[in-house]
Structures are given as C-alpha cells and as structure tokens.
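The values are calculated or read from the model by the stated rules, or taken from the named source; none is laboratory data. In this text the structure is predicted, and so the values were computed from the model without any measurement. We place every Cβ from the backbone using ideal geometry, glycine too, and count neighbours over all the protein chains shown.
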C-alpha cells in the first residue's frame, strides 16, 4: 500500500463535515492506493476497509449476467461507510467513513467528479 495522500482526495474529505477517512482503492488487487483521514488508521484497518468494499460491491461469479453494483452504503451505530466505483465496472473504488450523524447527501455526485479526476491523472501518468 502507498502511504500517500493525493491532494484532491484530502480536499474532498475536508468538504464533508464528519468524514473521518477517504480512501481510493483497487479492490481487485486488494490495495489501498491512497487515503486521507482525520484519524490515523493502522494498516490492518485499511486492509479491512478494502476487503469490506470488495465484499459489498461483489456480485458473485463472472458467469452471472447481473451488473456489478456501482454504489453502496453501510450504516452502523458507529458511523456510515459509503462506497463508489470510480467508473462502471472499474476495480477502483472511492470509500469514505463518516461519523454518526454526518451528512452524506452529496457524496455520490462529488465522488464521481473526484474519481474522474483521479482516473484521469492516472492515465496521464501512464502515457
């Protein structure tokens, strides 16, 4: 895992009051690519978050014709986990962990913009 904070990811997290962790991960590789947080999470917690995203957004075997979920939300008494695929069918996922009572209304719209920026930056680096 890369312990790096991408400035757009940091700015995104700070836009949402109560957003404790924002992570950009590749669920097929089970790797957290970058993250930012108001809390310092140990490596094993970040790995668990990646596995949670993988499990929540999974659809089963490739033989199935069901479309992969693009978004998911898991609410718990301790907070809310919100997941967004970076693009349809992509293995990159944006995940945020919100404190209890935090407003997540605009997460998906803003998250799509952030994912487009992050994927575009990755493509420019590969070229």
Which residue pairs have Cβ atoms under 9 Å apart, sit 6 or more places apart or on different chains, and have a first residue in the stretch 110-127 that is on the phi > 0 side of the Ramachandran plot and a second that is in a helix (DSSP H, G or I) and at pLDDT below 50?
none
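Residue-by-condition table, conditions (1) in contact with a strand residue (DSSP E or B) (Cβ under 9 Å, 6 or more places away or on another chain); (2) outside any loop (DSSP other than H, G, I, E, B); (3) surrounded by 12 or more Cβ atoms within 10 Å (Cβ to Cβ); (4) modelled with pLDDT of 95 or more:
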position: 12; (1), (2), (3), (4): yes, yes, yes, no
position: 36; (1), (2), (3), (4): yes, yes, yes, no
position: 44; (1), (2), (3), (4): no, yes, no, no
position: 47; (1), (2), (3), (4): yes, yes, yes, no
position: 55; (1), (2), (3), (4): no, yes, no, no
position: 59; (1), (2), (3), (4): no, no, no, no
position: 62; (1), (2), (3), (4): no, no, no, no
position: 65; (1), (2), (3), (4): no, no, no, no
position: 69; (1), (2), (3), (4): yes, no, yes, no
So which of 108, 24 is in contact with a strand residue (DSSP E or B) (Cβ under 7 Å, 6 or more places away or on another chain), surrounded by fewer than 19 Cβ atoms within 10 Å (Cβ to Cβ) and under 26 Å from residue 120 (Cβ atoms)?
108
